[in-house]
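**Q** This is the structure I want to talk about, given as structure tokens.
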There are 2 protein chains.
Amino acid sequence: MSNISNNIPEKTIERLSEYRRTLIRCHKQGIKHIFSHVLAGMHGITAVQVRRDLMLIGFSSDTKKGYDVDVLIEFISAILDSPSAMNIGVIGMGHLGQAITKYFNGKGLKLRIVASFDVDADKVGTTIDDIPCFDMADFESAVIDHDINIVILSCPTRVAESMVVPIVNAGIKGVLNFTSKPLNFPLGIVVENYDITTLLEKVAYFVKEGESGDAAE
Amino acid sequence: MSNISNNIPEKTIERLSEYRRTLIRCHKQGIKHIFSHVLAGMHGITAVQVRRDLMLIGFSSDTKKGYDVDVLIEFISAILDSPSAMNIGVIGMGHLGQAITKYFNGKGLKLRIVASFDVDADKVGTTIDDIPCFDMADFESAVIDHDINIVILSCPTRVAESMVVPIVNAGIKGVLNFTSKPLNFPLGIVVENYDITTLLEKVAYFVKEGESGDAAE
């Protein structure tokens, strides 16, 4: 993440997103209250961390029964969610783009995928998972027509860099980049570069370290 | 990430993985040397951060021409990679599982997807993207046969929790969980819970904050 400074740390924002999903599952199961150490345990972190995160956003209504699940969901939502819906476009409807679209569709999030873009003539003009697919050549006009604020970049890595200029020109405010090429954007555009190879290499590294630790014991 | 403590911070491991991919691209372009501020700029971070990360792994051969690209690739690889190959299984061959498999296949990584698992009779027994798909009922024996160390969990969220016991029983050492349900595993198993909703909600949050910042100016 880059370009925007803020009072709430990035990692806290990530955890708030995770807490909310857990709390929504609790709500669906009929759970009305939850203790910080229970919420912490569900995320493999400490209760101190949970309490610190909630203190940072000004939530302090911890009772003898724990946090009120519904109140906490609403409180976190007021922090994370925009008052108006954010519309999202997916650039590149290969396997990853289609997986992401299917993943978010019907999740009932405030974030809605409203359009997708590709250069493949077999995809352009069709509807994939209920989302219209436009020609990348029409990107700028489709962004205006559909009031798109954020794009997910799931195109092949070799063309990732060529997407920067159209994204800037179209007035996009946030980019979630899933290609293997980290991209830089002008100040004012939020970028999250995420190559899933990083996650897998991280897991593999700590597995390796764990194994060598075992051997040393 | 949980369960394994280590001297090199998680975030440094993530960045080393990213540096290496950038350096491999540089190598392919015929670039022989790179300055820390150039490498930093390609990742949207400071040169100080790059130098600190490389100092942490004991790399200090900065010359007047910058880092030697090939030497640095080898140095990072010695840190990240296991001496023997790590074999990976993908649990759940829906859109996400297939996207991930296609993504990693042919990337030439030390990490190799060698098997996939599903419960769908149309998939079991077939080969998807050159990877054999086994019945989840045969998970334990397939893990032994294919010497699988790490699994990627891309099954539907509603069945994620039911995968914990088979994963533990099969002796898996690392789990990259892409479902929306954070999972806990016994000590000694490395887990990275990653719901891509978190990334998208983070980008949306900083876009929102950036916009309200603009309004306040």
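The values are calculated or read from the model by the stated rules, or taken from the named source; none is laboratory data. Fair warning: this is a prediction, and the values are worked out from it, not measured in the lab. Cβ sites come from the backbone with ideal geometry, for glycine too, and all protein chains shown count toward neighbours. Side chains are part of the model used for accessible areas, which takes the heavy atoms of the whole protein and leaves out ligands, DNA and RNA. Shrake-Rupley method; radii C 1.70, N 1.55, O 1.52, S 1.80 Å.
**Q** If packing is taken as the mean number of other Cβ atoms within 10 Å per residue, what is the order of A:148-159, B:181-192, highest first?
**A** In decreasing order of mean packing, A:148-159, B:181-192 become A:148-159, B:181-192.
**Q** What Rg and what Dmax come out for region A:10-79 when only alpha-carbon atoms are used, in angstroms?
**A** Rg and Dmax of region A:10-79, Cα atoms, are 10.7, 30 Å.
**Q** Further question: For helix A:95-104, report the angle its Cα long axis makes with the longest principal axis of the Cα atoms of chain A; keep it between 0 and 90° and round to the nearest 10°.
**A** So the helix axis and the longest Cα principal axis differ by about 50 degrees.
**Q** How far, in degrees from 0 to 90, does helix A:47-56 lean away from the longest principal axis of the Cα atoms of chain A, to the nearest 10?
**A** 60 degrees
**Q** Further, regarding this structure: Hey, which of these cross-link pairs are over 27 Å Cα-Cα: B:28/B:202; A:11/A:181; A:28/A:64?
**A** From the list (B:28/B:202; A:11/A:181; A:28/A:64), the Cα-Cα distance tops 27 Å for B:28/B:202.
**Q** Using heavy-atom solvent-accessible surface (probe 1.4 Å) with all chains present, what is the largest-first order of B:57, A:45?
**A** Ranked list, largest accessible area first: A:45, B:57.
**Q** Next question, about the same structure. Name the shape class, rounded, prolate or oblate, that the alpha-carbon gyration tensor gives for region A:86-197, where a ≥ b ≥ c are the square roots of its eigenvalues, rounded holds for a/c under 1.5, and otherwise prolate holds if a/b is larger than b/c and oblate otherwise.
**A** Rounded, because the longest to shortest axis ratio a/c is under 1.5.
**Q** Could you check which residue among A:178, A:139, A:35 shows the biggest mean-square fluctuation in a GNM of chain A with a 10 Å Cα cutoff?
**A** A:35
**Q** Please report the accessible area of residue B:33 (heavy atoms, 1.4 Å probe, ligands and nucleic acids excluded) in Å², nearest 10.
**A** Rounded to the nearest 10, the figure is 60 Å².
**Q** Between residue A:56 and residue B:11, what is the label-point separation in nm under the 7 Å Cα-to-beta-carbon projection?
**A** 1.1 nm
**Q** Something else about it: So, counting K/R as plus one and D/E as minus one, what does the shell of residues with Cβ under 14 Å around residue B:70 add up to?
**A** Charge balance in the 14 Å sphere: +3.
**Q** Where the accessible area of chain B is counted over protein heavy atoms with a 1.4 Å probe, how much of it, in %, is carbon and sulfur?
**A** 54 percent
**Q** What is the average number of partner chain Cβ atoms found within 10 Å of a Cβ in B:188-194?
**A** For this peptide, the per-residue mean of nearby foreign Cβ atoms is 5.
**Q** By the gyration tensor of its Cα atoms, with a ≥ b ≥ c the square roots of the eigenvalues, what is the shape of region B:1-155: rounded for a/c under 1.5, prolate for a/b over b/c, or oblate?
**A** It is prolate, given that a/c is not under 1.5 and a/b is the larger ratio.
**Q** Using only alpha-carbon positions, what ratio does the radius of gyration of the protein assembly as shown give when scaled by 2.2 N^0.38 Å?
**A** After normalising by residue count via 2.2 N^0.38 Å, the value is 0.99.
**Q** Just to confirm my numbers, what's the Cα centroid distance between region B:90-137 and region B:8-43 in Å?
**A** First find each Cα centre; the distance between them is then 30 Å.
**Q** Assuming R0 = 35 Å, what is the FRET efficiency of residue B:120 and residue B:82, from their Cβ-Cβ distance, to the nearest 0.05?
**A** Efficiency for this residue pair is about 0.65.
**Q** Continuing with the same structure: Using only the alpha-carbon atoms, how far is helix B:196-216 inclined from the longest principal axis of chain B? Give it as 0 to 90 degrees, nearest 10.
**A** 40 degrees
**Q** Could you estimate the translational diffusion coefficient of region B:79-118 from the Stokes-Einstein equation, with Rh from the Kirkwood formula over C-alpha pairs, at 25 °C and 0.890 mPa s, in whole µm²/s?
**A** 227 µm²/s
**Q** Would you mind giving the mean number of other chain beta-carbons within 10 Å of the Cβ of each residue in B:84-91, as a whole number?
**A** Mean shielding by partner chains, rounded to a whole number: 1.
**Q** Same structure again: Between residue B:74 and residue B:38, what is the FRET efficiency for a Förster distance of 22 Å, r being their Cβ-Cβ separation, to the nearest 0.05?
**A** Computed FRET efficiency for residue B:74 and residue B:38: 0.70.
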